[in-house]
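The values are calculated or read from the model by the stated rules, or taken from the named source; none is laboratory data. For clarity, every value in this text was computed on a predicted model and none was experimentally measured. Quick reminder, even Gly has a Cβ in these numbers, built from the backbone with ideal geometry, and neighbours come from all protein chains shown. Calculation scope for accessible area: heavy atoms of the full protein, side chains included, ligands and nucleic acids excluded. Shrake-Rupley method; radii C 1.70, N 1.55, O 1.52, S 1.80 Å.
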Amino acid sequence: MPTYSAPKIVGPNDGKAGNLGSIGVRFMIDTEETHAGGFSLVEHPLPPRRLAAPLHKHSREDEYSYVLEGRMGALLGDDVVYAEAGDLVHKPRDQWHTFWNAGDEPCRILEIIAPGGFEDFFDELVEAGLAGAPDLEWLGDLGARYGMEFDFESVPVLCERFGVSFG
């Protein structure tokens, strides 16, 4: 994979941004910009009390969520954790998980994805969302192409359990 040899500065308003349905995404570093595709970096703004995704698991990558502002909750397997600004949460591959804004103020996280490549899932989801909300079958197929499984039936239970909304 090619890598950039020159430094890159990504300012606070730089990078393509889009809507993933329940939360936002800003693309900061793509796989092609890292050594051997080692990681990618996106920012996720989460509105107050918003669930980011149904329970899901990745088979190909680990995720690391660094909280920039606000309070993030996460369900990692059977463990519920809460992270404040400056905290890092590791979401390992092959573990069912989800996350949400656990506060009444906006939350922003940097999502480090290793190895890189999963940012393309987000890009496809943003593009599909421009034509309206994708159906669950399409979303399941998209996830499968990226080695990801969803538990769509988890959403109402998660929303009730953690006092959040989705969508």
Inter-residue pairs, beta-carbon under 6 Å, first touching a residue at least 12 places away in the same chain (Cβ under 8 Å) and in segment 58-80, second basic (K, R), 6+ apart:
H58/R93; E61/R93; D62/R93; E63/K91; L68/R108; E69/R108
When the residues of segment 55-79 are filtered to those that are part of a strand (DSSP E or B) and touching a Leu at 6+ places or on another chain (Cβ under 8 Å), which remaining residue is surrounded by the fewest Cβ atoms within 10 Å (Cβ to Cβ)?
L68
Taking segment 136-161 and keeping only residues that are among the hydrophobic types (A, V, I, L, M, F, W, C), modelled with pLDDT of 95 or more and surrounded by fewer than 16 Cβ atoms within 10 Å (Cβ to Cβ), one is left with A144, F152, V157
Sole miss for N19 among (1) open to solvent by 50 Å² or more (accessible area, probe 1.4 Å); (2) more than 21 Å from L136 (Cα to Cα); (3) more than 11 Å from the chain's Cα centre (by Cα); (4) at pLDDT 90 or above is condition (2)
Collect the residues in segment 82-95 that are surrounded by 14 or more Cβ atoms within 10 Å (Cβ to Cβ), among the aliphatic types (A, V, I, L, M) and farther than 14 Å from A114 by Cα, keeping them in residue-number order.
A83, A85
If we scan segment 34-51, do we find a residue that is assigned to a strand (DSSP E or B), open to solvent by 40 Å² or more (accessible area, probe 1.4 Å) and either free of Cβ contacts under 8 Å to residues at least 60 places away in the same chain or more than 17 Å from D123 (Cβ to Cβ) (or both)?
yes
May I ask you to verify whether E84 is without any contact (Cβ under 8 Å) to a residue 60 or more places away in the chain and on the phi < 0 side of the Ramachandran plot?
yes
Being farther than 23 Å from G38 by Cα, out of contact with any strand residue (DSSP E or B) (no Cβ under 6 Å at 6 or more places or on another chain) and modelled with pLDDT of 95 or more, is that true of even one residue in segment 89-100?
no
